[in-house]
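Structure record follows, encoded as structure tokens.
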Amino acid sequence: MATTEEIRADLAEITNEVAGTDTAHVQLDKSFIDDLDVDSLSMVEIVVACEEKFGVTIPDEEVKNLKTVGDAVAYIERAQG
Amino acid sequence: MSRTRVVVTGMGTTSPLGGDVASTWEGLLAGRSGVRALTEEWAEDLPVKIAARVAVEPTEVLERVKARRYDRSTQLAMVAAMEAWRDSGLEGAEIDHDRLGVAMASGIGGVNTLLSNYDSLIEKGPRRVSPLAVPMLMPNAPAANISLYVGARAAVNTPVSACASGNEAISLAVDQIRLGRADVVLAGGTEAAIHPLPMAAFANMMALSKNAGDPTTVSRPWDTGRDGFVLGEGAGVLVLESEEHAKARGARIYAEVLGAGITADSHDIAQPDPAGRGGSRAILRALHESDVDAESIVHVNAHATSTPKGDIAEGLMLHATLGAHASEVVVTSTKSMTGHLLGGAGALEAIATVLALSHRTVPPTINLDDLDPEVDLDIATKPRDLPVGDAAALNNSFGFGGANVAVVFGSV
């Protein structure tokens, strides 16, 4: 099972790839839209990349709840169960 | 009635000969071919295995995150637009952005994005279709992204007329300025269709050359050995501006766009009218709108794509429109070096036409070893000087669907 830090680090790589965000800025308390310059279409790209990377499913209605990096990491941990 | 004069104040390109205007012009004058064997694995199965890729990959120039949100046709358009904008001196200048427009054409649109997303759909399912696919593949994506880059808030258009699209964009931009709807318009065309599907389609309709010899010798307009065009990719952008606006800011002016003519053949969906009647009418209208007589034309950058019928038809058009003067005009086909950029062709060739007028040098047509006896034109096979003094030049583009666009440029 991946640790919280491993998931965060992988998510940081994905966010960098999609939106060019510095990986060091992708911390649990950061908001994708307000802090990391991720727009709504990039967010969809990040979600799909997470599904592929972590082998989870993130339904569209869940995406609006993933406001911060911490939200996303927590969701992925739960989904990996 | 006096009319608004429209001038060229900036130019940018990325082409099979170079990543900017200077290197492209150098390549044209040197008679260098940009046609190469395709090294991609998919090319092995195709009946045509050559094309003219851009000399500089756009991803080497653009920011990575921006580039991945652009179809390749937009990537090329952005490289050209950024150079043209810098070159015009308008970057960072205080101008009325509500009177800044874009007319950026594409013949085919974001075909690479469309087809790569179709591959994802089939291989991985609908979830893997990119949420960016639509804004990337839409034909007006290059125009829209240029608008975002320069802050253009007047009309942002995408004329589509196959291989005449780039020239049509220039004509449309001139109209926008003359109608008083804009002071400055970035105009041009882009194309990035070197992909197995369009290549197979063009080959199957017998449009592409199947010559398997040295790739650099395959595009050979007006030569008896020609058997079709070579697909190229690239983009060209010209900054067009009302003379008044340009002079008020002390801009460098390369040339004037005197006028344009647009007609349709209504003859066949793909074949040109063998007598070139529609093209002739476009040239006559362009001369009329430009208020110049045939004798003022010193140079023609021909559409001449290296197809058996089209190259002959264009020769007939020049004789029908320029009369006896047709044999005194220095004609060239830069497609002999760049291949055929489809929707980008008219724009790249407009840049070549403007530079020919301003440098008084016509770039050569390469690979013309044995002139087709049905063609009676003075074709430059080496760089040729143009006379000094007031001069005008004609840039022709013809497209599938019977589209004909002729644009006349004047020296300044």
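Quick check: convex hull over the Cα atoms of the stretch B:7-248, volume per residue in Å³, rounded to an integer?
Measuring per residue, one finds 139 Å³ for the Cα hull of the stretch B:7-248.
How many percent of all Cα-Cα pairs in the protein assembly as shown sit more than 34 Å apart?
Taking all Cα-Cα pairs of the protein assembly as shown, the fraction more than 34 Å apart is 38 percent.
Counting Lys +1, Arg +1, Asp -1, Glu -1, what net charge surrounds A:LYS30 among other residues with beta carbon under 12 Å of its beta carbon?
-4
Can you compute the FRET efficiency between B:LYS247 and A:GLU51 using 1/(1 + (r/R0)^6), with r the Cβ-Cβ distance and R0 = 56 Å? Round to the nearest 0.05.
The pair B:LYS247/A:GLU51 has a calculated efficiency of 0.45.
If you take the C-alpha gyration tensor of chain B, multiply each eigenvalue by 5 and take the square root, what semi-axes do you get, largest first, in whole Å?
Computed over chain B, the values are 29, 28, 18 Å.
Take every DSSP beta bridge whose two residues both sit in the protein assembly as shown, then give the antiparallel share in percent to the nearest 5.
Of the beta bridges lying entirely in the protein assembly as shown, close to 65 percent run antiparallel.
For n ≥ 4 DSSP H runs only, could you compute -39500 (n - 2.57) per run for chain B, divide by its residues and tell me the 222 nm figure to the nearest 500?
Mean residue ellipticity at 222 nm (helix-derived): -10000 deg cm²/dmol.
For a quick check: with amide H placed at 1.01 Å from N, whose amide H comes under 5 Å from B:ALA51's, ignoring anything fewer than 5 positions away on the same chain?
B:ARG36, B:LEU38
Based on C-alpha coordinates, I'd like the Rg and Dmax of the stretch B:91-171, in Å.
Computed over the Cα atoms of the stretch B:91-171, radius of gyration and Dmax are 15.7, 50 Å.
Could you give the nm distance between label points at A:ALA9 and B:ARG127, where each point is 7 Å from its Cα heading toward the beta carbon?
Between A:ALA9 and B:ARG127, the simple spin-label model gives 2.6 nm.
Considering the convex hull of the alpha carbon atoms of the stretch B:168-234, report its projected area averaged over all viewing directions, in nm², one decimal.
Mean shadow area of the hull around the Cα atoms is 6.6 nm².
Please report, in whole Å, how far the alpha carbons of the stretch B:179-278 spread along each principal axis, starting with the longest.
Here the Cα extents, ordered largest to smallest, are 54, 32, 28 Å.
Restricting to lysines 8 or more places apart or on different chains, can you count the pairs in the protein assembly as shown with Cα atoms under 21 Å from each other?
Counting lysine pairs in the protein assembly as shown gives 12.
Kindly identify the stretch B:260-402 as rounded, prolate or oblate by the Cα gyration tensor criterion: order the square roots of the eigenvalues as a ≥ b ≥ c, call it rounded if a/c is under 1.5, otherwise compare a/b with b/c, prolate if a/b is larger, else oblate.
Judged from the Cα gyration tensor, the stretch B:260-402 comes out rounded (a/c under 1.5).
Report for chain B the percent antiparallel among DSSP-assigned beta bridges with both residues inside it, nearest 5.
65
In cubic angstrom, how much convex hull volume per residue do the alpha carbon atoms of the stretch A:4-80 span?
About 75 Å³ per residue, rounded to a whole number.
Report the Stokes-Einstein translational diffusion coefficient (µm² s⁻¹, integer) for the stretch B:301-362, Rh taken as the Kirkwood radius over Cα pairs, at 10 °C with viscosity 1.306 mPa s.
After rounding, the answer is 128 µm²/s.
Multiply the residue separation of B:SER120 and B:GLU60 by 0.36 nm, subtract the distance between their alpha-carbon atoms, and state the gained length in nm to one decimal.
Net length gain for the segment: 19.1 nm.
When the Cα centres of the stretch B:368-390 and the stretch B:84-139 are compared, how far apart do they sit, in Å?
38
Measuring from a point 7 Å past the Cα of B:LEU148 along Cα-to-C-beta, which residues in the stretch B:80-96 have an amide N at less than 20 Å?
Of the residues in the stretch B:80-96, B:80-86, B:91-92 have backbone N under 20 Å from the label point off B:LEU148.
What translational D, rounded to a whole number of µm²/s, comes out for the stretch B:1-91 from Stokes-Einstein when the hydrodynamic radius is the Kirkwood one over Cα pairs, at 25 °C and 0.890 mPa s?
D = 162 µm²/s.
Within the stretch B:325-354, list the residues whose amide N lies under 11 Å from a label point set 7 Å along Cα→Cβ of B:GLU295.
Within reach of a label on B:GLU295: B:325.
Figure the gain on full extension for B:ASP214 and B:ALA43 (residue separation times 0.36 nm, minus the Cα-Cα span) and round it to one decimal in nm.
59.9 nm
Every number in this text was worked out from the coordinates using simple rules, so none of it is lab data. It should be emphasised that the depicted structure is a prediction, and the values quoted were computed from it without experimental measurement. Cβ: placed from backbone, ideal geometry, glycine included. Neighbour counts: every protein chain shown.
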